[in-house]
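Chemist: Shown below is the structure under consideration.
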Amino acid sequence: MTFRNGLASLLRPEDSVLVLIDHQPYQLANLNSHDPHIVVNNSTALAKAARVFGVPTILTSVIADRGGLIFPQITDVFPGQEVIDRTFINTWEDRKVVDAVKATGRKQLIIAGLWTEICVAMPAIQAAGEGWDVTVITDASGAVSVEAHEVAIQRMIAAGVNMMTWLALAAEWQRDWARAETAIALNDVIIQHAAGSGIAFLWEQQLLNTPVPAKAG
């Protein structure tokens with residue numbers, strides 16, 4: 001196993017490229033590892049975070065005529081962007097997707113998709129074997145069962161693939177809250193999609209802007 005340690009192992013927006021795979025109705029209909037609402041929320045948050053940091057994002061579906069279009073919550077983040085529709089189950093065997101990723105010049109490959117055990121595991125394992133620095137966003141992915149999701153994660157870790165969640169990735173891209181050019185926009189994503197953390201931030205702002213009552217007498 002390749003150990004990830006040291007500052008250089010952390011993900012950087014300027015070196016990252018995101019591939020979102022098969023976030024489609026057919027796959028969502030048999031999603032049992034997570035609450036489907038959570039996966040839609042998290043995959044949308046991941047897409048919005050990529051937009052905040054200028055990370056190139058490739059959208060791909062499999063046989064969309066039958067499996068359905070990618071969730072509009074995701075495609076609305078990238079209006080007018082082409083979705084690469086495939087017949088290959090393994091995205092990394094589709095030349096159009098691989099060429100789109102290579103065209104970015106980035107080597108930190110980030111993947112999320114449905115289902116974890118098939119449409120995420122196969123390209124992640126293949127790309128890692130070809131020398132890519134691969135990270136899978138587990139909470140923007142999902143499988144047909146909890147077991148399938150967990151076994152897929154174990155399999156990918158054994159192949160040298162890194163695992164993260166969307167908020168951890170966003171924090172790693174941000175790295176420093178003094179980077180105001182992205183901090184404000186990232187806070188907006190957190191407010192919209194990070195539930196308790198977003199509400200706590202709004203509460204903090206409320207308290208900071210609420211005058212302390214003057215003492216009587």
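FYI, it's all coordinate maths here, none of it is from the lab. On a predicted model such as this, the values are computed, not experimentally measured, just so you know. Don't worry about glycine lacking a Cβ; one is built from the backbone with ideal geometry, like all the others, and counts go over all protein chains shown.
Chemist: How long are the semi-axes of the equivalent ellipsoid of region 154-196, taking √(5λ) for every eigenvalue λ of the Cα gyration tensor, in whole Å from largest down?
Modeler: 27, 13, 6
Chemist: In addition: Quote the FRET efficiency, to the nearest 0.05, computed for Ser9 versus Lys215 with a Förster distance R0 of 41 Å and r equal to the Cβ-Cβ distance. List each step's numbers first, then the result.
Modeler: Numbers: r = 54 Å, r/R0 = 1.31.
After rounding to 0.05, the efficiency reads 0.15.
Chemist: Using the beta-carbon distance between Arg175 and His37 and R0 = 30 Å, what value does 1/(1 + (r/R0)^6) give for FRET efficiency, to the nearest 0.05? Don't skip to the end; give the middle numbers.
Modeler: Values: r = 30 Å, r/R0 = 0.99.
It comes out at approximately 0.50.
Chemist: Taking just the alpha carbons, could you work out the radius of gyration and Dmax for region 177-217, both in angstroms?
Modeler: Using the Cα atoms of region 177-217, the pair Rg, Dmax is 14.3, 47 Å.
Chemist: Could I ask something else about it? How are the Cα pair distances of region 126-217 distributed, in percent, across 5 Å bins from 0?
Modeler: So the P(r) values, bin by bin, are 3, 11, 14, 16, 14, 12, 11, 7, 4, 3, 2, 2, 1, 1, 0.
Chemist: Compare the Cα positions of Leu10, Leu28, Gly131 along the charge dipole of the chain (+1 at Cβ of Lys, Arg; -1 at Cβ of Asp, Glu; about the Cα centre) and return the one farthest towards the positive end.
Modeler: Farthest towards the positive pole: Leu10.
Chemist: About the Cα centre of region 53-182, what is the dipole size in debye to 20, counting +1 per Lys and Arg Cβ and -1 per Asp and Glu Cβ, all else neutral? Show your work: numbers first, answer last.
Modeler: Numbers: 10 positive and 16 negative charges, 54 e Å.
About 260 debye.
Chemist: Using the Kirkwood formula over every pair of different C-alpha atoms, what hydrodynamic radius in Å results for the chain?
Modeler: Details: mean 1/r = 0.0554 Å⁻¹.
Its Kirkwood hydrodynamic radius stands at 18.0 Å.
Chemist: Take the alpha-carbon positions of region 1-130, form their convex hull, and give its projected area averaged over all directions (one quarter of the hull surface) in nm².
Modeler: On the way: hull surface 33.3 nm².
It is 8.3 nm².
Chemist: Could you work out how much longer the chain between Glu150 and Arg66 gets when fully extended? Use 0.36 nm per residue separation minus the Cα distance between them, nm to one decimal.
Modeler: Roughly 27.5 nm would be gained on extension.
Chemist: Going highest first, how would you order 18-28, 172-182 by mean Cβ packing within 10 Å?
Modeler: Details: 18-28: 23.8, 172-182: 13.1.
Final packing ranking: 18-28, 172-182.
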